[in-house]
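Novice: Before we start, here is the structure in question, set down as structure tokens.
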Amino acid sequence: MTGSVLYEGHAKKMLSVVIAAFNAEQVLPVQLQALARQRTQASVQDWEVVVCDNGSTDATMRVAREFTAVLPNLRVIDASERPGPAHARNRGAEVARGTHLAFCDADDEVAEDWVDQMLRVLHHHDFVAGRFEPNRLNDTRTLRSRPLDQQTGLQWTPGHSLPHAGAGNMGIRRDVFLRVGGFNEHILRLEDTDFCWRVQML
């Protein structure tokens, strides 16, 4: 996969990385630094980062904007009209310039080849998810209270026949995202599980 543009139009990008953020001034720099040091064949014109501030009362927006020097493809938008990560991600998808969307969380850290891997697999698949590595950013106490199951495969919920994935490492073609209606903004938790099920039932 090269960094060449696969479609016409100077305003569009191949991949839009969407990050929902709420009071994330302490953790967001780790994620933005990881995106700034991506080992990617894609040029800065081929992908972008959209930080969607969901009504933070701390310095999240200011901290995010400080990264434009090392992430010239970064945009910070106001997504405070409605609380919840579902709304923030939907707002990011709404303004995204890419033909593909990749979602990651403000309090995580993507791998150094994450952008290239997303570009590669989304070139062949409509909807993808990556694994979680729980130990790098979490202590033992945190992991006991919040296990991360998406380490060797997708997640499963008892009583349901379809797998699902967390929105912290997920990619989808933008037209498929729009066709399914995005994330359900009436759900304040497990909105990514609901989203995965609805995509698979298209």
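Novice: Answer yes or no as to whether residue 96 is within 14 Å of the chain's Cα centre (by Cα) and over 21 Å from residue 33 (Cβ atoms).
Specialist: Yes.
Novice: Let me ask you something else. Consider residue 198 against the criteria (1) within 17 Å of the chain's Cα centre (by Cα); (2) touching a residue at least 12 places away in the same chain (Cβ under 8 Å): it satisfies all of them except one. Which criterion is unmet?
Specialist: Result: residue 198 passes all but (1).
Computed from the coordinates by the stated procedures, all read-outs in this text should not be read as laboratory data. What you are looking at is a predicted structure, and each value in this text was computed from that prediction instead of being measured. Backbone-built Cβ (ideal geometry, glycine too); neighbour counts: all protein chains shown.
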